[in-house]
Structure formats: C-alpha cells, structure tokens
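Here the structure comes first, spelled out in structure tokens, and everything after it is commentary.
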Amino acid sequence: MNLSPLQKARYAYEPKLPGMLRGGISEISVKVGAATESVADQDKIKALFPNTYGKNEITFQKGANTSAPKKQVVGVILSGGQAPGGHNVVCGLYDAIKATDRGNVLLGFKGGPSGLIEDDFIEFDDEYIDEYRNTGGFDIIGSGRTKLETEEQFKIVTEVAKKHGLTAIVIIGGDDSNTNAAVLAEYMAAHNTGVQVIGCPKTIDGDLKNEDIEASFGFDTATKTYSELIGNIERDANSAKKYWHFIKVMGRSASHVALECALETQPNICLIGEEVAAKKMSLSAIADYIADSVEKRAANGDNFGVAIIPEGIVEFVPEFSSLIAEINELLAGAKTEEFNALPDWAAKYDFIKKGLSAEAFAVFDILPQFVQQQLFLERDPHGNVQVSLIESEKLFAEMVKEKLAARKAAGTYKGKFATQHHFFGYEGRCAFPSNFDADYCYSLGYNAFMLIQYGYTGYLSKVSNLSRPAEEWVAGGMPITKMMNIERRNGEDKPVIRKALVELDGKPFKYFESNREKWAVETAFTYPGAIQYYGPSEVCDLTTRTLALEKG
C-alpha cells in the first residue's frame, strides 16, 4: 500500500480516552443515575418500547469491574452518510473487545444495515484494523441507508445473529439509524434473543444533539474542513475584489453547519434557516436582505463578498414549503409519468400552471427557470421533491442580481455585481478526522463495548464534557428512548429521535446575531486554515466555536 507521510503519521496517533476509561478494563465500574422518560409523547413511546423504556442513565467511573465475564461476539455496522471519525469508533470498539479477552470477536457487516440482512461480513483482526486507525471515510466496511424497521427484517437479523452467536450489535449512525437501533433493541428484548443493541451518535449536520449528546461525531472535522475552504475563498475575494461568492454548505434539516462556519470565518452573509422560518421570510425578503449588504459594501468601494447558504434553506421559507407540498400532490401517483411524457418545458410549464393554486404558482413564477426545472427532477423514494438538488446558492445569486438591477434603475445602487458559486458537502464527509473527532470517536467505540459488557441494551454511547480536555470527558450511556417523540412520517405516526435545530436564543446564534450587521458591511473575514494535527494543544485539540460558546 502506498501511503502519504500524513497517513503514516496518523496511523501512529494514539487517541485520548476519558479519564475513567484509562488504565485497564478491570478498573471500570458503573454509577447508575436517574430513570429517564422520552422528550415528549411519554405514554405513546412507553407503549411502543415496554422492554427498553424508562431505563436509567449511567456513568462509568474508576472502580472494580463487576460485569459477569462471558465470550462476546459483537457485530457492527456503519449506517447513513459518511462522517469523519467513523473508523475510530470501530477501532475503539475493537480495542476494548480485545483488551477484555483476546478470544472475543468483532464482525463488521458490510454496506450498512443491508449487510446484517444479507449476512455479508468480515471478521476483524489486528492487521485489518490497523490500516484504518485515525483515517477518514467509511471504507473499512462501507455504509448504506437501508432502514431496519419491518418485522420481516428483524426476523432475518435475529437469524443472522443466532448463526454467528452475536451477543450485541453496534449501530453507528444518525437520528434515523439510532431510531432503528432503539426499535431493534426493543424487538430483541421482547423476543428474549439475548442480543444487545447499542447506538453511536453520528452526523456532520450537527442535529443529533441534546442536553446529553453535546455533539455528534464528524461535525467538528467537517465544519473545520468547510471553514478552511470558505476562509480560502474569503482571502481570494479580498485579493481579487471583484466577486460575490455564494457558498452552499451541507445540513438539510438544520443550519448548524452554516452557523459554525460563519462563526469560524465571519462572512458578510450567513442565512440561518430556523430564523427564516421564525420570521416567515419570503424569498424576496431574503434576496433584499443580501442585496442590502451588497449595496452598502459597494458604497464603500467593496464590490465583493461572501454569503453562506445552508443546504435546506428553501424548506424553511414558508411560501416555498407550501409550493413544494403542492408539487408533491401535483405529481402524486401516475401523474409523474404523465408529466414526464410531455414533449417540452413549455408544455410542462402549462401543466404546472393549471395544477397549482394561484398563490403557489405566483411563487413558482418568480423562480429562475433552472430552479423551476430542478423542482421537477427525479423524486425521492417517497415521491417528494429532492430539495438537496435545488441550487439555492445560484437561486439567491440570481434573485439578488434582479434586485440590484431594479435598485440601479432607481439610482440607489451604483456598484458592480459578479458572482461565483460553490457547494461544499462531500469535501468534508471523509476528511482525515481532527484530533477532537479521532479522540471522541475512539472513546465512543470503547465506551460502547463497556455498555455491552455491563449488559445494557437500547442505549446510546455517550461522552460528554467535550469542551474540556479529554482527560476530563465523562463516559456513560443513555437510553435512546429518552430522545424520542412521535412525528408524522409518510402518513403514519412514528417514534423518531427529535432533530435538534439551531436555537435562536442559544449562545452560538446570539453571538452571530450580535456581530452580523458589522460583518455584512465590513470586510471582517477570518481565515481558519487547515486542520492541525501536531503542535500546541490549544491549536490541535481546538473544539468548535459552537461547543465553546454553548459550554462557556
């Protein structure tokens, strides 16, 4: 294998564990905390999870290990989109398993949850694991988006588990994947299979968090990667002084990534979807807001700037959400085939005009044609518009251009407006994990096995106090049902983990809000630079601005 110097160096990096997990497996004991209840809909969640609901939170501490010794055969899957540090979760899990007993086994099921159903796996050994330590990506076993949610699937997984003598399954994933973990844990408990299920909190979007889960893994590395790129663009913009750069960043259901990147780089504009929804801002109002910054900067001779756009912004715009809902209805069932069979865009445009309400069509008609067409691209598996395919960075650039043309005609704007567009998504999902994510993920995996060894199921591996040095981190576990509520999904009430949105009264947003008027007019760019792996701790082990502000 040909390795870069950084790869070689990262293989040798030894991740830091929380203090209570250091010093040997035999010295880790359990402190039992309070019983829990779900975040909402307690009666409904309890009825759905009678065997795993209401369990106690637990914390590991120094003390004699009182778990009953037994051979452990653990299965692990990576589920959903990639996030930096996933390999280290597997490595931490493997090291804890082998530190307990070299005869213990870790099986990696390939391609996500489908690997469990298809019985496609690899048995890990030292040589295989060592090739993936502290590296990015999910290529150690691959990932997938198959959902484990039907009785038939659970029966198949139970048979696969029985075949291999699995004592536990670890699911590394986001909110949907850990919802599936909770449901699978309940099934395994209800059927007395003896198989425990443990989850690990993953998503670069940052929306799997709460009072217990301070950060999902991968968020730190991904936002640092995007912030480096945004900083580079800001430096370029300040050098060339002739372009406005519209930059879309990942994070469909929440704006945590956009907010963190703004805190890191201080752009002229950063849209926060949650604020757009709260203020019921229209597309036109958003375009005016950006145009105001362009105009004020132009008055100072600055015909350049940077605007950060969260991936899911259009879903937060009430009028646009209503439009999407009507389009989903318009193309329900066989109507999609009827629409696709029309000969050209003119015919399709007429079909759309006749099918939408006057209010929805008024919104549709102000959109640039390329966005109109993107609304009718391939549907998702549920027949809905794929919002992530909408180039919102280009949409707002075009709308701002029209606003400025009107202002120029009115004599209020005399500047120049040229644009560049970027979408940062995949660039951050498989980056070499930062020291923070390397340490955090390794701790999550190591901690997951401690939960298994002590017999817990339906729990999420939890490491907190993350704004402090790793020695002071606190390891333990919480019942996944604590994070759940009932939501309407595809016409049915479903138990799901509640997504965490940007809190408009939270410290990170308040800091941003208190500075953005200045950033909108001045050139206050900051340049984070590349992730640092070696050097002083205050540089290499730096956490996100979001976590630093939240934890003071």
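The values are calculated or read from the model by the stated rules, or taken from the named source; none is laboratory data. No experiment lies behind these values; they were computed from the predicted model shown. Note that each Cβ is placed from the backbone with ideal geometry, even for glycine, and that neighbours are counted across all protein chains shown.
Out of the residues in segment 278-330 that are in a loop (DSSP other than H, G, I, E, B) and free of Cβ contacts under 8 Å to residues at least 60 places away in the same chain, state the one that is nearest to G425 (Cα to Cα).
Here is the first cut: in segment 278-330, the residues in a loop (DSSP other than H, G, I, E, B) are 279-282, 300-304, 311-312, 317.
Within this subset, residues satisfying the condition of being free of Cβ contacts under 8 Å to residues at least 60 places away in the same chain are 279-282, 301, 317.
Working: K279: 27, K280: 27, M281: 25, S282: 25, G301: 32, V317: 22 Å.
Among those that are in a loop (DSSP other than H, G, I, E, B) and free of Cβ contacts under 8 Å to residues at least 60 places away in the same chain, it is V317.
Scanning segment 114-138 for residues that are without any contact (Cβ under 8 Å) to a residue 40 or more places away in the chain, assigned to a loop (DSSP other than H, G, I, E, B) and surrounded by 14 or more Cβ atoms within 10 Å (Cβ to Cβ) returns D120, F124.
N384 falls short on exactly one of the conditions (1) touching a residue at least 40 places away in the same chain (Cβ under 8 Å); (2) crowded, with 16+ Cβ neighbours inside 10 Å; (3) closer than 28 Å to F424 by Cα, and that condition is (2).
Given F417, F361, F423, which one is among the aromatic types (F, W, Y), modelled with pLDDT of 95 or more and crowded, with 19+ Cβ neighbours inside 10 Å?
On the way: F361 fails: crowded, with 19+ Cβ neighbours inside 10 Å; F423 fails: crowded, with 19+ Cβ neighbours inside 10 Å.
Answer to the check: F417.
State whether one or more residues within segment 223-235 are small (G, A, S), under 8 Å from the mean Cα position of the chain (by Cα) and within 14 Å of H256 (Cα to Cα). Checked against the condition, which is being small (G, A, S), under 8 Å from the mean Cα position of the chain (by Cα) and within 14 Å of H256 (Cα to Cα), segment 223-235 yields no hits at all.
In the set P113, P84, only one residue is modelled with pLDDT of 95 or more and either of a type in the set (F, W, Y) or farther than 30 Å from Y533 by Cα (or both); that residue is P113. The combined condition, being farther than 23 Å from K551 by Cα, modelled with pLDDT of 95 or more and not assigned by TED's automatic domain parsing to the domain that holds T544, is fulfilled by A182. Quickly run through segment 286-330 and pick out the residues that are charged (D, E, K, R) and over 23 Å from F376 (Cα atoms). Those that are charged (D, E, K, R) and over 23 Å from F376 (Cα atoms): D288, D292, E295, K296, R297, D302. For the criterion of being under 26 Å from the mean Cα position of the chain (by Cα) and on the phi > 0 side of the Ramachandran plot, G80 passes.
From the set of residues in segment 213-271 that are among the basic types (K, R) and over 17 Å from Q420 (Cα atoms), which is surrounded by the most Cβ atoms within 10 Å (Cβ to Cβ)?
Taking segment 213-271 and keeping what is among the basic types (K, R), we get 224, 235, 241-242, 248, 252.
If we keep only those that are over 17 Å from Q420 (Cα atoms) as well, we get 224, 252.
Numbers: K224: 27, R252: 16.
Selected residue: K224.
Entry remark, segment 500-519: residues being in contact (Cβ under 8 Å) with a residue 12 or more places away in the chain, out of contact with any strand residue (DSSP E or B) (no Cβ under 9 Å at 6 or more places or on another chain) and not in a loop (DSSP other than H, G, I, E, B) number 5 in total. Please determine whether any residue of segment 380-387 is over 29 Å from the mean Cα position of the chain (by Cα), in a helix (DSSP H, G or I) and assigned by TED's automatic domain parsing to the domain that holds R252. Scanning segment 380-387 turns up no residue that is over 29 Å from the mean Cα position of the chain (by Cα), in a helix (DSSP H, G or I) and assigned by TED's automatic domain parsing to the domain that holds R252.
Only residues that are in contact with a Gly (Cβ under 7 Å, 6 or more places away or on another chain) and outside any helix (DSSP H, G or I) were counted in segment 173-195, giving 2.
Which of the residues spanning segment 520-543 are not in a loop (DSSP other than H, G, I, E, B) and not hydroxyl-bearing (S, T, Y)?
At the first step, the residues of segment 520-543 found to be not in a loop (DSSP other than H, G, I, E, B) are 520-521, 537-540.
Result: A520, V521, E538, V539, C540.
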